[in-house]
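Colleague: Quick one: the structure is below, questions incoming.
Only the coordinates and a few stated rules stand behind these numbers; no lab work does. Only a predicted model underlies this, so the values are computations on that prediction, with no experimental measurement involved. Quick reminder, even Gly has a Cβ in these numbers, built from the backbone with ideal geometry, and neighbours come from all protein chains shown.
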Amino acid sequence: MVLVVRSDLKMGKGKIAAQCAHAAVEAYKISVKKGNPHLKLWEDTGVTKVAVRVDSEHQLLDIYQDAVDRGFVAALIADAGHTQIARGSLTVLGIGPCLADEADSVCGHLKLL
């Protein structure tokens with residue numbers, strides 16, 4: 001699973017952790033509902049998650065669209081607006097679980113968080 005975090009929002013570490021958790025849980029729920037064929041392998045091999053960053057909402061949405069176009073599970077998280085970020089701001093995108101080479105096809109060019 002890849003967690004794509006918007007760095008332009010200047011979220012604190014705790015906020016990033018919470019938003020990534022939301023994205024991971026949502027991507028997992030979608031995977032269960034849709035019968036993601038990679039889910040069992042992911043669960044059996046350590047539930048790997050990699051966090052990468054983008055610099056804008058536009059870039060996040062481009063990555064989201066690319067993932068959807070390739071048929072990957074993609075979960076966009078919009079903040080509730082209770083703390084640091086304006087309500088409705090897109091913060092994190094969860095992609096997968098999917099195979100590593102599939103994830104690289106969408107996110108391989110992004111820098112680690």
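Colleague: What are the semi-axes of the equivalent ellipsoid of the chain, taken as the square roots of 5 times the eigenvalues of the Cα gyration tensor, listed largest first and rounded to whole Å?
Modeller: Taking √(5λ) for each eigenvalue gives 22, 15, 13 Å, largest first.
Colleague: Continuing with the same structure: Which FRET efficiency, nearest 0.05, do ASP44 and ALA80 yield, Cβ-Cβ r, R0 30 Å?
Modeller: Step by step, r from the Cβ atoms, then E = 0.35.
Colleague: Hey, what did the range 2-112 get for relative contact order, percent, Cα under 8 Å, at least 6 apart?
Modeller: The normalised contact order for the range 2-112 reaches 41 percent.
Colleague: Can you give the local net charge around SER31? Use residues other than it whose beta-carbon is closer than 12 angstrom to its beta-carbon, Lys and Arg +1, Asp and Glu -1.
Modeller: With Lys, Arg at +1 and Asp, Glu at -1, the neighbours total +2.
Colleague: Please give the residues of the range 43-85, grouped as numeric ranges, whose backbone N is less than 12 Å from a label point set 7 Å along the Cα-to-Cβ vector of SER7.
Modeller: 52-56
Colleague: Also, quick follow-up: How big is the equivalent ellipsoid of the range 23-70 along its three axes, where each semi-axis is √(5λ) from the Cα gyration tensor, reported in whole Å from largest to smallest?
Modeller: Values for the range 23-70, descending: 23, 14, 9 Å.
Colleague: Which order results if ARG87, ARG70 are arranged by neighbouring Cβ count within 10 Å, fewest first?
Modeller: Ranked by crowding around the Cβ, least crowded first: ARG87, ARG70.
Colleague: Okay, next question. Going down the table (LYS34/LYS111; LYS10/LYS49; LYS13/LYS40), which pairs top 27 Å between alpha carbons?
Modeller: LYS34/LYS111; LYS13/LYS40
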